[in-house]
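A short write-up of the structure that comes next.
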Amino acid sequence: MCGIICYVGKEDVVPILLNGLQMLEYRGYDSAGIAVRTTNENNCNEITLLKKKGRLSELSSQKEITEIKGTMGIAHTRWATHGEPNDVNAHPHADCTNKIAIIHNGIIENYSALKKILEEEGHTFCSQTDSEVLAHLVEKFYTGDLKEAVKKTLNLVEGTFGLAAICADNDEIIIARRGSPIVIGLGKDFTIAASDATALLNHTRRVIYLQDDELAILKEGSCTIEDFAGEKKDNNIEEIKWSVEQVEKKGYKHFMLKEIMEQPLAIENCLRGRIKNGKIKLTLNLDLKSIKKITIVACGTSWHSGLIGKYIIEAMTKIPVEVDYASEFRYRDPLVNEDNLIIAISQSGETADTLAALREAKKKGAKTLGIINVVGSTIAREVDSGIYLHAGPEIGVASTKAFTTQLTALLLFSLYVKQELGEELDDELVETLLELPSSIKTVLDCRDAVKEIAKHFIASKNFLFLGRDVNFPVALEGALKLKEISYIHAEGYPAAEMKHGPIALIDSEMPVLFIATKCLLSDKILSNIQEVKARGGKTIAIINEEDNEIERFIDYKIIVPHTLKELSPIINVIPLQFLAYFVADLKGLDVDKPRNLAKSVTVE
Ligand code: M6R
């Protein structure tokens, strides 16, 4: 949520900042801006600031931007929390003297009180943002030492921040973190930092993940880290493994399409080295025998994979599983203790609600496990034990390959627990799991057929997705995908619930998609399809093979290969990802950056 990038070195900074913002734009895209330390005709240093409402292209196409010259600067791409998206509310924010500029990711909860005090002291505010108080506080405390001014500022603020500050008089950038990620990249004669490691890949692979309540002083080719009390910290340098190629579109029109098509490889990478001779190889630092209950916490798509995880873990291990929205769990004084395992599922590993739920559970003594994609992310660092997805960077706001790899990781986890509890594993399941990447390649062949079907639904206003058992959460996921990128109102339900309410909505304007692949409840789903058809609804069904009985009642079919029940959500979700993608693309919408959304939600 919001992307920040800063650079200090020898190179012309503007192209570096714009390139970084482009890599970060998926984090927020309602406005963007840069602040650069420049030198004026009197040879005095000053801060030159340029910011624009709208996509990054609005900023980068400004004529003035080519005239900004400097080797140190900060830049920001915004996802609005306080104050509408416009030029003034865009970051960076400057102080009254225009000597100091800051960029901020997060929320300053006590900004109104601080603003009131600052205004009484004579500061004039330009924007409606919470962040602007940071610029004025730094100004208030600045007496020549930028780091000290930032520290004093942070002592007063409540809330979350990933922050960068520069001053015309100093040749250093001060960055600080509480709750919003910042990664520092180290080069021979430059230092760069961003809210996401992907933005550093063009420059360096040697990185330091700044921790909460730490600040860093970035200078040309050096970085010093300390906590807010001034105690020096070690530079724990890590190596990024992702390649630049992995975060590019590789000829696909959108990241979302690329990421859907990458799923065979993503799953292969998720499985790699984790099944050997029929045994599951995971290194989990957990006493599995002592676990009496598992609670899964997550948000959005990750919550849907948690729901499927419940069906699978309970069936396989007989350990009771609850699944909670992280945002609800964190505030409801949950019944959790040392005998419980909390599984936090998150693609980004930075989702504020999931992180807070995890911390709440830790406070109550629970054991914790993370199922996370982004290596080195905050959740990944705070859990007792973890399973990385190895899906590679997911840039499209609509999550696709993270979902299917989360399900793969949950399957591995369930099998592992069963094995460690001394139970025999189902060989067929383990074998079929290993064949999953090639089954998914076959499913991807439905792409053109789904595109044809999508053409019939671009004018739809509503959509219903129905499934049962492990495929009920797949219906929820299909609905979420469609609504977030095509802006069509969509709901997911367990098919049998239709008669308890949603059936009232069925008419010729209501498309209903059934996940009707072979399962124990197939006959019941067939009855539901008939009920919709009898009321004039348009029906689409995902089925396993030509099926005369079902085909009598459906308008459109999507055929996917048959698989075991446990794996069916991974197969069945793929046509739903394509459907959402093609409906949105045919409507001419910005698939990768849907309105009002951001990839990583690091605010409450
Ligand atoms: O990074 P996380 O998995 O924690 O993100 C959770 C949700 O914000 C995310 O899944 C969101 O719902 C996606 N936009 C869904 O496509």
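The values are calculated or read from the model by the stated rules, or taken from the named source; none is laboratory data. All figures in this text were calculated on a predicted structure; none of them were measured in a lab. Here the Cβ positions follow ideal geometry from the backbone for every residue, glycine too, while neighbour counts run over all protein chains shown. Areas reflect the complete protein model, heavy atoms only, side chains present, ligands, DNA and RNA absent. Shrake-Rupley method; radii C 1.70, N 1.55, O 1.52, S 1.80 Å.
Of the accessible area of segment 482-604, computed with a 1.4 Å probe over protein heavy atoms only, carbon and sulfur atoms account for 49 percent. Applying a DSSP loop filter and a limit of 12 other Cβ atoms within 10 Å to the GluC sites (Glu not before Pro) in segment 4-91 leaves 41.
Using a ≥ b ≥ c from the Cα gyration tensor of segment 249-434 (square roots of the eigenvalues), is it rounded, prolate or oblate, where a/c under 1.5 gives rounded and otherwise the larger of a/b and b/c decides, a/b for prolate? Walk me through the numbers before you get to the answer.
Working: a/c = 1.96, a/b = 1.14, b/c = 1.72.
Oblate, since a/c reaches 1.5 and b/c is not below a/b.
Placing unit charges on the Cβ atoms only, positive for Lys and Arg and negative for Asp and Glu, gives the chain a dipole magnitude near 640 debye about its Cα centre. Helix content alone sets the calculated 222 nm mean residue ellipticity of the chain: runs of n ≥ 4 DSSP H residues at -39500 (n - 2.57) each, divided across all residues, give -10000 deg cm²/dmol.
Counting pairs of alpha carbon atoms under 8 Å apart in space and at least six apart in sequence, what relative contact order in percent does the chain give? Display every interim value, and only then the final one.
Details: 1381 pairs, mean separation 70.0, N = 604.
Relative contact order, the chain: 12 percent.
Between residue 182 and 210, the built amide H atoms are under 5 Å apart, and every one of these is 5 or more places off in sequence or on another chain.
Among 165-172, 184-191, 370-377, sorting by the average number of other beta carbon atoms lying within 10 angstrom of each residue, highest first, gives 370-377, 165-172, 184-191. When the charge dipole of segment 3-240 is built from unit charges on Cβ atoms (+1 for Lys and Arg, -1 for Asp and Glu) and taken about the Cα centre, the candidate among 107, 136, 19 whose Cα reaches farthest toward its positive end is 19. Screening the chain for whole DSSP H helices of 15 Å or more along their axis (Cα) with average Kyte-Doolittle hydropathy at least -1.0 returns 13-24, 146-156, 300-317, 352-363, 401-420, 472-486, 522-534, 568-586.
Peptides 507-520, 446-459 ranked from most to least packed give 507-520, 446-459, packing being the mean of other C-beta atoms within 10 angstrom over each peptide's residues.
Once you reduce segment 253-320 and segment 67-85 to the center of their Cα atoms, the two points are 38 Å from each other. Computed from backbone phi, the HN-Hα couplings of segment 508-514 come to 5, 8, 10, x, 10, 9, 9 Hz, rounded to whole numbers (Karplus: 6.51 cos²θ - 1.76 cosθ + 1.60, θ = phi - 60°; Gly and Pro given as x).
In order along segment 327-338, the Karplus-derived 3J(HN,Hα) couplings, from 6.51 cos²θ - 1.76 cosθ + 1.60 at θ = phi - 60°, round to 5, 7, 3, 5, 10, 9, 6, x, 7, 9, 8, 4 Hz, and Gly and Pro are given as x. The amide H of residue 513, built 1.01 Å from its N in the peptide plane, has 464, 465, 466, 540 as neighbours under 5 Å, considering only residues 5 or more places off or on other chains.
Across segment 119-203, the relative contact order, built from alpha-carbon pairs under 8 Å that are at least six residues apart, equals 16 percent. When DSSP beta bridges are restricted to pairs lying wholly in the chain, around 60% turn out antiparallel.
Accessible surface area normalised per residue over segment 435-501 is 40 Å², counting heavy atoms of protein chains with a 1.4 Å rolling probe. Under a 5 Å amide H cut-off, with hydrogens placed 1.01 Å from N, residue 213 pairs with 177, 178, 179 among residues at least 5 apart or on other chains.
Shape of segment 3-240 from its Cα gyration tensor (a ≥ b ≥ c, root eigenvalues): rounded if a/c is under 1.5, otherwise prolate when a/b > b/c, or oblate? Note, shape of segment 3-240 comes out rounded. Any idea which of 92, 183, 425 is furthest toward the positive side of the dipole for the chain, if Lys and Arg beta-carbons carry +1 and Asp and Glu beta-carbons -1? Value computed over the given set: 425. In the full protein context, segment 124-207 carries 29 Å² of accessible surface per residue, based on a 1.4 Å probe and ignoring ligands, DNA and RNA.
Please say if segment 345-431 is rounded, prolate or oblate, where rounded means a/c under 1.5 for a ≥ b ≥ c the square roots of the C-alpha gyration tensor eigenvalues, and otherwise the choice is prolate for a/b larger than b/c and oblate otherwise? Before the final figure, lay out the partial values.
Numbers: a/c = 2.74, a/b = 1.25, b/c = 2.20.
Oblate is the answer for segment 345-431, as a/c is 1.5 or above yet b/c matches or exceeds a/b.
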